[in-house]
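Report on one structure; see the data block that follows.
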There are 2 protein chains.
Amino acid sequence: MQSVILATTRLFAILGDPIAQVGSPRVFNPLMAKAGADAVLLPMHVTPADLKTAFQGIKTIRNFDGLIFTIPHKMAAMGLVDEVSMTGQLVGAINVARRESDGRWIGDMFDGRGCVRGLKDQGDDPEGKAVLLVGAGGGGSAVACGLAEAGAARMTIHDVDKAKAERLVDTVRRGYPGVPVALGAPDPTGHNLVVNCTPLGMKPDDPLPLQAEKLEAGTVLVDIVLKPDWTKLLEAARQRGCRTMNGIAMLRGQSMEIARFFGFG
Amino acid sequence: MQSVILATTRLFAILGDPIAQVGSPRVFNPLMAKAGADAVLLPMHVTPADLKTAFQGIKTIRNFDGLIFTIPHKMAAMGLVDEVSMTGQLVGAINVARRESDGRWIGDMFDGRGCVRGLKDQGDDPEGKAVLLVGAGGGGSAVACGLAEAGAARMTIHDVDKAKAERLVDTVRRGYPGVPVALGAPDPTGHNLVVNCTPLGMKPDDPLPLQAEKLEAGTVLVDIVLKPDWTKLLEAARQRGCRTMNGIAMLRGQSMEIARFFGFG
């Protein structure tokens, strides 16, 4: 199901390199049609070297209203828009932008809010949770800020690259001074929301990204890995009586939030 | 009916200012779907001042394969593509462009070929016809070149602006030296294919663009006016026993030719 393309149709697109594997066209076009919007979301294959020129061109198209940025554009896109949200500034990247009524483009970062929305949708509101977050890269930064924004009680951050983990601790501290945050081991003990933001789990022989044997029943375990949709970590958590959320559910949560940002949520 | 938008979908667009009135999205999307193409054609509202920036951006989008240019971009677009067809060069304008396999963009002009295709589709092949063409503007130039290319036997050209008519006579002479062409009165006598390329007929109180009372039975009368789809001139021709073709049929013919140019004809 998708909107019929007419002369009046408003345009949205996802920009990535490569593009043929992204899920957004399949997710957003039905959402737009269901909302009764005369709008479509298109795939656009743009290389990093061309991103600026592509964006400058897209800005001139008056019926073009919004963009999703995916790999490898999330950091570079931040330098192109007219204004970046606080979350985007903290994370140092954006994954969406939209045209405001005054013609300016504002960018925002929904990778973290998608995790929050997914958790809320399954009844696991992160508010008040003690969070262990493993993996302080782009995804980890966005999720850390998202969880802090959503009212996490405290947060422990781990990365095999200690400097990276320290930078993210500083970021969260600066952005959300009310949320105690510290560097720590990949040990779930004392945390009731544990999130894997490393790519470990994509390959069959990857080691577990954290000490899964210490997971306690009742803890919520999130794995942002998309493929496979059921990782060894998720299975270990399930066996220990944890509630779980996979990368697909997080992406679904994010899509709902982005749809709202685009005006048909 | 239109193709489902996937991450693999190829993009085409029509660029115009304004855009909300164009018919191409409604015409081409069903054509593409019917051809089994994973492709859609989008409306894009771009002003003359932005045309160059928009085109530079579009060129960077690797899954963007073709463009239709409509009012007011047909002349300016010629300066943007890497190569212009002979017809485009003669007319001094293009209305389509596509990306070649080597990445270069070539432009072509189908306004005239649409007229030819429409005539052929209704069994009135312009080959061998003695043509009277009234109105030597953009549309008239394209149609004159199209009919000459299709093998018209000879051509008389009239415009109230004599210098304009003279320029078009020169153009046809230069491009198609085998087709005798001359300046003349808007008098159908001695012609068996008569084409109105002026805007006269759009308003209810417009005078007739040519001496309709001299039309002879059997002559083919073409009126490129789109709105209304049945002009006073077409009615006068019908009453005198002429065969007729209106602007809609010409546009339909052109769409078929452009679809072929885009690779799904």
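The values are calculated or read from the model by the stated rules, or taken from the named source; none is laboratory data. Since we're looking at a predicted model, the values are computed, not measured. Heads up, the Cβs are rebuilt from the backbone with ideal geometry, glycines too, and the neighbour counts pull from every protein chain shown.
Identify, by number, the condition in (1) in a loop (DSSP other than H, G, I, E, B); (2) touching a Lys or Arg at 6+ places or on another chain (Cβ under 9 Å); (3) surrounded by fewer than 21 Cβ atoms within 10 Å (Cβ to Cβ); (4) in contact (Cβ under 8 Å) with a residue 12 or more places away in the chain that B:R252 doesn't meet.
Condition not satisfied by B:R252: (1).
Can we say B:L31 is of a type outside the set (F, W, Y), at pLDDT below 95 and within 25 Å of A:H45 (Cβ to Cβ)? Spell out the reasoning first.
Details: of a type outside the set (F, W, Y): yes; at pLDDT below 95: yes; within 25 Å of A:H45 (Cβ to Cβ): yes.
Here the answer is yes, as B:L31 does meet what is asked.
Restricting to region B:1-24, and then to whatever is touching a strand residue (DSSP E or B) at 6+ places or on another chain (Cβ under 6 Å) and closer than 17 Å to B:H73 by Cα, can you tell me which residue is farthest from the other protein chains (Cβ to nearest Cβ)?
B:F12
Please find, within region A:25-48, the residue that is nearest to A:F261 (Cα to Cα) out of those that are in contact with an Asp or Glu (Cβ under 9 Å, 6 or more places away or on another chain) and hydrophobic (A, V, I, L, M, F, W, C). Explain how you work it out, then say what you get.
Start the filter on region A:25-48 by keeping residues that are in contact with an Asp or Glu (Cβ under 9 Å, 6 or more places away or on another chain), which leaves A:32, A:39, A:45-48.
Applying the additional criterion that residues be hydrophobic (A, V, I, L, M, F, W, C) yields A:32, A:39, A:46.
Working: A:M32: 12, A:A39: 14, A:V46: 23 Å.
Checking each candidate, the answer is A:M32.
All but one of (1) away from chain B (no Cβ under 14 Å); (2) surrounded by fewer than 19 Cβ atoms within 10 Å (Cβ to Cβ); (3) among the small types (G, A, S); (4) more than 23 Å from A:A182 (Cα to Cα) hold for A:G103, so report the exception by its number.
(1)
Taking the stated definitions as given, is B:R173 in a helix (DSSP H, G or I) and either at pLDDT below 95 or in contact with an Asp or Glu (Cβ under 7 Å, 6 or more places away or on another chain) (or both)?
Numbers: in a helix (DSSP H, G or I): yes; either at pLDDT below 95 or in contact with an Asp or Glu (Cβ under 7 Å, 6 or more places away or on another chain) (or both): no.
Considered against the rule, which asks whether it is in a helix (DSSP H, G or I) and either at pLDDT below 95 or in contact with an Asp or Glu (Cβ under 7 Å, 6 or more places away or on another chain) (or both), B:R173 comes out as no.
Please state which of the following conditions A:A165 fails to meet, knowing it meets all the rest: (1) of a type in the set (A, V, I, L, M); (2) over 21 Å from A:N246 (Cα atoms); (3) crowded, with 24+ Cβ neighbours inside 10 Å.
Tallying (1) of a type in the set (A, V, I, L, M); (2) over 21 Å from A:N246 (Cα atoms); (3) crowded, with 24+ Cβ neighbours inside 10 Å, A:A165 fails exactly one: (3).
Suppose we filter region A:37-63 for residues that are among the small types (G, A, S), more than 7 Å from every other protein chain (Cβ to nearest Cβ) and either closer than 13 Å to B:T9 by Cβ or free of Cβ contacts under 8 Å to residues at least 60 places away in the same chain (or both); how many remain?
Filtering region A:37-63 down to residues among the small types (G, A, S) leaves A:37, A:39, A:49, A:54, A:57.
Those left that are additionally more than 7 Å from every other protein chain (Cβ to nearest Cβ): A:37, A:39, A:49.
Subset that is either closer than 13 Å to B:T9 by Cβ or free of Cβ contacts under 8 Å to residues at least 60 places away in the same chain (or both): A:49.
Total satisfying the criteria: 1.
Among the candidates A:T198, A:T189, single out the residue that is touching a residue at least 60 places away in the same chain (Cβ under 8 Å) and over 20 Å from A:D121 (Cα atoms).
Numbers: A:T189 fails: touching a residue at least 60 places away in the same chain (Cβ under 8 Å).
After ruling out the rest, the residue left standing is A:T198.
Could you say whether any residue in region A:135-152 is without any contact (Cβ under 8 Å) to a residue 40 or more places away in the chain and more than 18 Å from A:T87 (Cα to Cα)?
No, the conditions are met nowhere in region A:135-152.
Here is a check on your reading of the model: is B:K59 buried (at least 20 other Cβ atoms within 10 Å of the Cβ), closer than 25 Å to B:G112 by Cβ and charged (D, E, K, R)?
Numbers: buried (at least 20 other Cβ atoms within 10 Å of the Cβ): yes; closer than 25 Å to B:G112 by Cβ: no; charged (D, E, K, R): yes.
So B:K59 fails the test.
Please verify whether region A:74-96 includes one or more residues that are surrounded by fewer than 24 Cβ atoms within 10 Å (Cβ to Cβ), of a type in the set (S, T, Y) and within 13 Å of another protein chain (Cβ to nearest Cβ).
No; the residues of region A:74-96 include none that is surrounded by fewer than 24 Cβ atoms within 10 Å (Cβ to Cβ), of a type in the set (S, T, Y) and within 13 Å of another protein chain (Cβ to nearest Cβ).
Among B:K203, B:K164, which is of a type in the set (K, R), without any contact (Cβ under 8 Å) to a residue 40 or more places away in the chain and either within 24 Å of B:R252 (Cβ to Cβ) or not in a helix (DSSP H, G or I) (or both)?
Numbers: B:K164 fails: either within 24 Å of B:R252 (Cβ to Cβ) or not in a helix (DSSP H, G or I) (or both).
Residue meeting the stated conditions: B:K203.
Which of the numbered conditions does A:V27 fail, given that it passes all the others? Conditions: (1) under 20 Å from the mean Cα position of the chain (by Cα); (2) within 11 Å of chain B (Cβ to nearest Cβ); (3) without any contact (Cβ under 8 Å) to a residue 60 or more places away in the chain; (4) part of a helix (DSSP H, G or I).
Exception for A:V27: condition (3).
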